Amino acid sequence: MTTEGTAAGGTAAEPAPTSGTSVGARWVSALSLANLGVWVGWFGPLQLLLARQAEQLTPEHKTATLALVTGVGAAVSMVANPVFGALSDRTTASVGRRIPWVVAGVAGGAAGLLVLAGARSVTTVIAGWCLVQLALNAAFAALTAAVPDQVPRRQRGLVGGWLGVSQVGGILVGTALATAAGGVSAGYLACAVFSVLAAVPYVLMRRDTPLAVAARPAFRWRTFLGGFWIDPRRHPDFGWAWLTRFLMNLSYSISTMYLLYYLTDAVRYEGDADNGVLILTALNALTLLSTVVISGIRSDRSGRRKPYVIWSGLVIAAATLLLAVWQTWTGAVVASLVLGLGFGVYTAVDFALLTDVLPAEADRGKDLGVINIANALPQVLAPVVAAPVVTHFGGYTALYALAAALALAGSVLVRRIRAVP
């Protein structure tokens, strides 16, 4: 186990001397590629495949079926991420704390995608998607925790930027694979193969932080379970960071989860709606890539995080408001471009901000897992919120206006975080 202290103010200390030097391009590339594979495993299904499968299995109730499948899967994700993060904190494998969970998680995620490829009932779809969420969250928790383990603070905006590239790349590649594969089953198979291959370079590099058996604390159920509650009164910056991330991700989940149906039911897109989603995703990726890395680098150099997060949230709110009031193909294109600009800055800098407010270095995997609940919980709540709004309370205009209001609230509340410039 590396020897690290805890920084003043309750935030995580710098990486140990063995990893405190700047991380190299090869490691950042391998980490980003593995992260890309995880996002492909998630968003190939979420962008197209699950919606198409729901349409095939229950054409009269496709919205409700999609809400059920994604909601149950996201509930699994919400529990899995912090649990696997905590388990990785305690892992004493010779290769390190994180790599075993990357291997197991990617393998399990591919297995879940294979189950989905052969699913012929809603029950099997739910089971397959829950396995995908369970396993890929194990890999994601380990990959995320590797950043504060290995990367000094002065580079975390940069690394967060490249992780943002891999995130949007995963959405784009997953959507492209789902579209180009030629069918729902083939799309799942393509995503499974890609996810496995993408993790190989990172695993082979074997750069990880080991934990000696003697250094692992004794396991007690009460302590283990109690550790998932991080009192916002004792760690207010962590609490505000969690809340703002939750609001931003709820806005984003509402905006993207029903994009296929938005094009068909509101925009009345004349072409193939699958290709329409792919085009919008590609445009979003184009502008996101133009901002995500450079904003991370600039925040590293300036030492300031909050202004970038606040202004990016305002841009995201503006983009979702465009979807509410300009329901045409042109409006969707413009909104996707604007959304990419804002989300690129937000993705890079907010991740760096989060690593700066972690309560304790020994629990980085668990604490980042708790933060990642703010990513998963919106997937549970988004369909619960969206389905009645679309059906009974104003349709897609009200839905995207709500998404804009959530992004605005998330942006404003970032000001409550005190420890970060």
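The values are calculated or read from the model by the stated rules, or taken from the named source; none is laboratory data. These numbers were taken from a predicted model, which means no experiment stands behind them. FYI the Cβ positions are ideal-geometry reconstructions off the backbone, even for glycines, and counts take in every protein chain you see. Areas reflect the complete protein model, heavy atoms only, side chains present, ligands, DNA and RNA absent. Shrake-Rupley method; radii C 1.70, N 1.55, O 1.52, S 1.80 Å.
7 Å from Cα along Cα→Cβ at both SER94 and ARG120: what's the point-to-point distance in nm?
Rounded to a tenth, the inter-label distance reads 4.7 nm.
Expressed in nm to one decimal, what extension gain is obtained for the pair ASN275 and TRP229 from 0.36 nm per residue of sequence separation less their Cα-Cα distance? Intermediate values should be presented prior to the final figure.
On the way: separation 46, 0.36 × 46 = 16.56 nm, distance 4.31 nm.
Roughly 12.3 nm would be gained on extension.
Enter the angle in degrees (range 0 to 90, nearest 10) between the Cα long axis of helix 156-180 and the first principal axis of the Cα atoms of the chain, meaning the one along which they spread out most.
In the chain, helix 156-180 runs at an angle near 30 degrees to the longest axis.
For VAL79 and ARG222, compute 0.36 nm times the residue count separating them, minus their Cα-Cα distance, and round to one decimal in nm. Can you show the working numbers first?
Numbers: separation 143, 0.36 × 143 = 51.48 nm, distance 1.67 nm.
My answer for the length gained is 49.8 nm.
Please compute the contact order of the chain in relative form: average sequence separation of alpha-carbon pairs under 8 Å and at least six residues apart, divided by the residue count, as a percent. Numbers along the way, then the final one.
On the way: 807 pairs, mean separation 116.9, N = 421.
Relative contact order of the chain: 28 percent.
With each run of n ≥ 4 DSSP H residues scored as -39500 (n - 2.57), what mean residue ellipticity at 222 nm is computed for the chain after dividing by its residue count and rounding to the nearest 500 deg cm²/dmol?
Working: 14 runs with 304 residues, N = 421.
It comes out at -25000 deg cm²/dmol, rounded to the nearest 500.
Looking at the calculated P(r) for the chain, what percent of the C-alpha pair distances fall above 36 Å?
On the way: 17339 of 88410 pairs.
Value for the chain: 20 percent of Cα pairs lie more than 36 Å apart.
Can you tell me how much longer the chain between ARG268 and TRP329 gets when fully stretched, taken as 0.36 nm per residue apart minus their C-alpha distance, in nm with one decimal? Numbers along the way, then the final one.
Values: separation 61, 0.36 × 61 = 21.96 nm, distance 0.85 nm.
In short, 21.1 nm is gained.
Out of residues 5 or more away from VAL151 or on other chains, whose amide H comes under 5 Å of its own, with H placed 1.01 Å from N in the peptide plane?
The answer is none.
Which whole-number value in Å² is the accessible area per residue of the chain, probe 1.4 Å? Show your work: numbers first, answer last.
Values: 16040 Å² over 421 residues.
Per residue, the chain has an accessible area of 38 Å².
Restrict the search to region 352-421; then list the trypsin sites (Lys or Arg not before Pro) that DSSP places in a loop and that have at most 13 other Cβ atoms within 10 Å of their Cβ. Spell out each step's value before the answer.
Values: sites: ARG364, LYS366, ARG415, ARG416, ARG418; in loops: ARG418.
Counting only loop positions with at most 13 other Cβ atoms within 10 Å, the trypsin sites (Lys or Arg not before Pro) in region 352-421 are ARG418.
Counting other Cβ atoms within 10 Å of each Cβ, which trypsin sites (Lys or Arg not before Pro) in region 299-349 have at most 10 and sit in a DSSP loop? Don't skip to the answer; put the middle values down first.
Values: sites: ARG301, ARG304, ARG305; in loops: ARG304, ARG305.
Taking region 299-349 and a limit of 10 other Cβ atoms within 10 Å, no loop trypsin sites (Lys or Arg not before Pro) are found.
Angle, helix 236-257 long axis vs. longest principal axis of the chain, Cα atoms, 0 to 90°, nearest 10?
Orientation of helix 236-257: about 30 degrees from the principal axis.
Rounded to the nearest Å, what's the spacing between the alpha carbon centres of region 127-161 and region 328-393? Just the number, please.
Measuring centre to centre over Cα atoms gives 15 Å.
Given +1 on the Cβ of Lys and Arg, -1 on the Cβ of Asp and Glu, and no further charges, what dipole in debye does the chain carry about its Cα centre, rounded to the nearest 20?
Values: 29 positive and 19 negative charges, 215 e Å.
That gives a dipole near 1040 debye.
Starting from the Cα of HIS392, move 7 Å in the Cα-to-Cβ direction to define the label point; list residues of region 57-75 whose amide nitrogen is under 15 Å from there.
Backbone N within reach: 64.
Angle check, please: helix 62-89 long axis (alpha carbons) against the longest principal axis of the chain (alpha carbons), in degrees 0 to 90, nearest 10.
It works out to around 10 degrees.
Mind ranking 189-195, 288-294 by how tightly packed they are, going by the mean number of other C-beta atoms within 10 angstrom, highest first? Present the calculation step by step, with values, prior to reporting the outcome.
Details: 189-195: 23.4, 288-294: 21.0.
With the highest mean Cβ count within 10 Å placed first, the list reads 189-195, 288-294.
Which percent of the accessible heavy-atom area of region 305-400 goes to carbon and sulfur, probe 1.4 angstrom? Before the final figure, lay out each step's value.
Values: 2170 of 2890 Å².
Solvent-exposed carbon and sulfur of region 305-400 make up 75 percent of the total.
Round to a whole number: what % of the accessible area of region 83-205 belongs to carbon and sulfur, probe 1.4 Å?
Values: 2830 of 3720 Å².
Carbon-and-sulfur percentage of accessible area, whole number: 76.
Would you be so kind as to identify which of VAL267, PRO236, TYR252 lies farthest towards the positive end of the dipole of region 228-274, taking Lys and Arg as +1 and Asp and Glu as -1 on Cβ and the Cα centre as origin?
Checking the options against the dipole of region 228-274, the answer is PRO236.
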